[in-house]
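Presented below is the structure to which this report refers.
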Amino acid sequence: MKTKIERDVAQKAVEYHAEDHEGLTAVIENDADLQEWLTYILREVGGLEDERPVTVTVREDGVVIEGDGEVMQAVRMYIL
């Protein structure tokens, strides 16, 4: 399964969860930073196990997240 979300929505979710749940300030200077932070938030805040396949691809027109039903549930709960 895969879903596409707007970049600004993804970035705001990362900034919120990094600060609120982890006490961190997310520094997002490029696409790779956003990709790493989204993966981190889905795993740490969303509770996804390290071995669960999650693919985050940052594109100009949005962010595509791929994974199984549990990954999509974490996206709904913590990113959207």
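Which stretch or stretches of segment 60-80 have amide N atoms under 16 Å from the point lying 7 Å from LYS2's Cα along the Cα→Cβ direction?
60-69, 71-72
Using θ = phi - 60° and the Karplus curve 6.51 cos²θ - 1.76 cosθ + 1.60, what whole-Hz ³J(HN,Hα) does each residue of segment 54-68 get, with Gly and Pro shown as x?
9, 10, 10, 10, 9, 10, 4, 8, x, 10, 9, 10, 10, x, 7
Taking the Cα centre of the chain as origin, sum charge times position over the Cβ atoms of Lys and Arg (+1) and Asp and Glu (-1), and report the length of that vector in debye to the nearest 20.
That gives the chain a dipole magnitude of about 320 debye.
Convex hull volume of the Cα atoms in segment 1-42, per residue, in Å³?
Expressed per residue, the convex hull around the Cα atoms of segment 1-42 is 70 Å³.
Taking amide H positions as placed 1.01 Å from N in the peptide plane, with prolines and chain starts having none, which residues 5 or more places from ILE79, or on another chain, fall under 5 Å of its amide H?
When sequence neighbours closer than 5 places are left aside, there are no close amide H contacts.
How much accessible surface does THR25 have with a 1.4 Å probe, in Å² rounded to 10?
That residue has around 110 Å² of solvent-accessible surface.
For a quick check: with amide H placed at 1.01 Å from N, whose amide H comes under 5 Å from LEU24's, ignoring anything fewer than 5 positions away on the same chain?
Sorted by chain and number, the residues that satisfy this are GLU19.
What is the sum of charges around ILE65, taking Lys and Arg as +1, Asp and Glu as -1, for the other residues whose C-beta is under 9 Å from the C-beta of ILE65?
My count for the surroundings of ILE65 gives +1.
Could you provide, to the nearest whole Å², the per residue accessible area of the chain with probe 1.4 Å?
On the way: 4860 Å² over 80 residues.
Solvent-accessible surface per residue comes out at 61 Å².
When a/c is below 1.5 the answer is rounded, else prolate if a/b is larger than b/c, else oblate, so apply that to the chain with a ≥ b ≥ c taken from the square roots of the Cα gyration tensor eigenvalues. List each step's numbers first, then the result.
Numbers: a/c = 1.61, a/b = 1.11, b/c = 1.45.
Oblate, since a/c reaches 1.5 and b/c is not below a/b.
Helix-only estimate, please: 222 nm mean residue ellipticity of the chain, summing -39500 (n - 2.57) across DSSP H runs of length 4 or more and dividing by its residues, to the nearest 500.
That comes out to -16000 deg cm²/dmol.
The values are calculated or read from the model by the stated rules, or taken from the named source; none is laboratory data. Every value quoted in this text rests on a predicted model; they were computed, and no experiment measured them. Cβ: placed from backbone, ideal geometry, glycine included. Neighbour counts: every protein chain shown. These accessible areas exclude ligands, DNA and RNA; they are computed on the full protein's heavy atoms, side chains included. Shrake-Rupley method; radii C 1.70, N 1.55, O 1.52, S 1.80 Å.
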